[in-house]
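For reference, the structure is listed below as structure tokens.
Every number in this text was worked out from the coordinates using simple rules, so none of it is lab data. Quick caveat, the model's predicted, so the values are computed rather than measured. Backbone-built Cβ (ideal geometry, glycine too); neighbour counts: all protein chains shown.
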Amino acid sequence: MENELLNIFDEEGNHIGSAIRQEVHKLGHWHETFHCWFISKDNEKDYIYFQKRSDSKKDYPNLLDITAAGHILAHEMIEDGVREVKEELGIDVSINELIPLGVIKYSVIQEDLIDKELSNVFLYKSQKGFEDFNLQTEEVSGIVRAEFGSFCEFWLGERKNLFIEGFELNNIGERVSIRKIVDKSSFVQHELAYYEKVLKLISEKIGLAI
């Protein structure tokens, strides 16, 4: 995976070549990613879904994150990123079922990682139940959801905690129910500006004012 070849870009988004993933994250090259957020409606309430990253992941193990996401490889088109939904979640969707939210540019800089992403963000209005998810265990160890309005308040600083529910897989592959209160330490710390933009764009698509 660290030797996957990715397209790289300059600050203005111009394509300047390609590099392996390890080098991209070491040197901080801008590169393309695919993000897909699941949203659903249940009893007139809107819910947003998160994956729990596997404890074997090099980056951000055990943290809650975008429903499905991954890198766009150098030989791929943006729409090829939809493979991440099938690979990680076992949910078969086509690019035509997704609502494009645009490209969000953001970066996260840590001691051993410089992640500069041109994130192609999509929304999937799901009618799937938790039983429909078939997780790629080396990548994803669980799926949870939260009320969308509460999640907006959570990231916009109006509440400190968030109730989530769903399931995770234990060490022998059994599904264990999750119903608990979490804080921001349970989530991958994407830039606040990223969350603000994503939440605004999703709100517009589902007709909810935030």
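For segment 25-62, the set of residues classified as under 11 Å from the mean Cα position of the chain (by Cα), within 15 Å of ILE164 (Cα to Cα) and either surrounded by fewer than 17 Cβ atoms within 10 Å (Cβ to Cβ) or among the hydroxyl-bearing types (Ser, Thr, Tyr) (or both) consists of TYR49 only. Filtered by the rule that a residue be without any contact (Cβ under 8 Å) to a residue 60 or more places away in the chain and at positive phi, segment 2-22 gives a lone residue, GLY17.
When you scan segment 167-181, do you find a residue that is closer than 28 Å to GLU79 by Cβ and surrounded by 14 or more Cβ atoms within 10 Å (Cβ to Cβ), even just one? No - not one qualifying residue is present in segment 167-181.
Would you please name the residue that is surrounded by the fewest Cβ atoms within 10 Å (Cβ to Cβ), looking only at residues in segment 83-107 that are part of a strand (DSSP E or B) and of a type in the set (Val, Ile, Thr)? Don't jump to the end; show me each part of the working.
Quick first cut of segment 83-107, residues part of a strand (DSSP E or B) only: 99-107.
Adding the requirement that they be of a type in the set (Val, Ile, Thr) leaves 99, 103-104.
Numbers: ILE99: 16, VAL103: 14, ILE104: 20.
Within segment 83-107, the match that is surrounded by the fewest Cβ atoms within 10 Å (Cβ to Cβ) is VAL103.
For beta carbons closer than 8 Å, sequence separation of 6+ or different chains, a first residue in segment 77-96 that is on the phi > 0 side of the Ramachandran plot and a second that is part of a helix (DSSP H, G or I), the qualifying pairs are GLY90/ASP132.
The strands (runs of 3 or more DSSP E) falling completely within segment 118-187 that include 1 or more residues that are of a type in the set (Lys, Arg) map to 140-147, 175-182.
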